[in-house]
Amino acid sequence: QVQLVESGGGLVQPGGSLRLSCAASGSIFSLISMGWYRQAPGKARVMVATITSGGTTNYADSVKGRFTISRDDAKNTVYLQMNSLKPEDTAVYYCNVNYRRSWYSDVTGSWGQGTQVTVSS
């Protein structure tokens, strides 16, 4: 099984920056994609940014130009660099990975425990 451990959340002022990290452990036979999602109180969980095994990235319109997703394959870690943070970015951020355990396995997913990001003055 794959476990994801997130870190880097916290309290920042508007306009500040944070970098979230998500370290994966366990066996991944075939990595499909990794991504970051967020959920604000009373709201649905939404995609923030994703990156495929080939390096293709996708961002929510609300974070384009401010957030950057990246991977370090040697460390099995995905990052989310968040700049120019706004109060509306306040949410619990969850790391996600989609992968196959073997050639005969269906694609499955794992989620991190979530890390709180609060943007407030």
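One table, with the values for the structure above:
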| quantity | calculated |
| --- | --- |
| In order through the stretch 39-46: 3J(HN,Hα) via Karplus (6.51 cos²θ - 1.76 cosθ + 1.60), integer Hz, x for Gly, Pro | 9, 8, x, x, 10, 6, 6, 10 |
| Cβ-Cβ FRET estimate between residue 86 and residue 113, R0 fixed at 25 Å, reported to 0.05 | 0.55 |
| Inter-site label distance for residue 105 and residue 32 at 7 Å from Cα along Cβ, in nm | 1.2 |
| Karplus 3J(HN,Hα) series, Hz, for the stretch 54-62 with 6.51 cos²θ - 1.76 cosθ + 1.60 (x for Gly, Pro) | x, x, 6, 10, 9, 10, 5, 4, 5 |
| Label-to-label distance, nm, for residues given as residue 120 and residue 64 (7 Å Cα→Cβ offset) | 3.1 |
| Taking the chain and dividing mean pair separation by its residue count, relative contact order in percent (alpha carbons under 8 Å, at least six apart) | 36 |
| Backbone HN-Hα couplings from phi across the stretch 99-116 [Karplus 6.51/-1.76/1.60, Hz, Gly and Pro as x] | 7, 10, 7, 7, 5, 8, 7, 6, 5, 10, x, 10, 10, x, 6, x, 9, 7 |
| Only Lys, Arg (+1) and Asp, Glu (-1) charged, at Cβ; the stretch 23-121 dipole about Cα centre in debye | 60 |
| Exposed chymotrypsin sites (Phe, Trp or Tyr not before Pro) absent: longest stretch of the chain, with sites in DSSP loops and at most 11 other Cβ within 10 Å deemed exposed | 30-102 |
| Share of carbon and sulfur in the accessible heavy-atom surface of the chain [1.4 Å probe, %] | 48 |
| Amide H contacts under 5 Å for residue 90, placed H, 5+ residues apart | 119 |
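The values are calculated or read from the model by the stated rules, or taken from the named source; none is laboratory data. Keep in mind the model is a prediction, meaning the values are calculated, not measured. Counting neighbours? That spans all protein chains shown, and the Cβs are built from the backbone with ideal geometry, glycine included. Note: areas computed on protein heavy atoms with side chains; ligands, DNA, RNA excluded. Shrake-Rupley method; radii C 1.70, N 1.55, O 1.52, S 1.80 Å.
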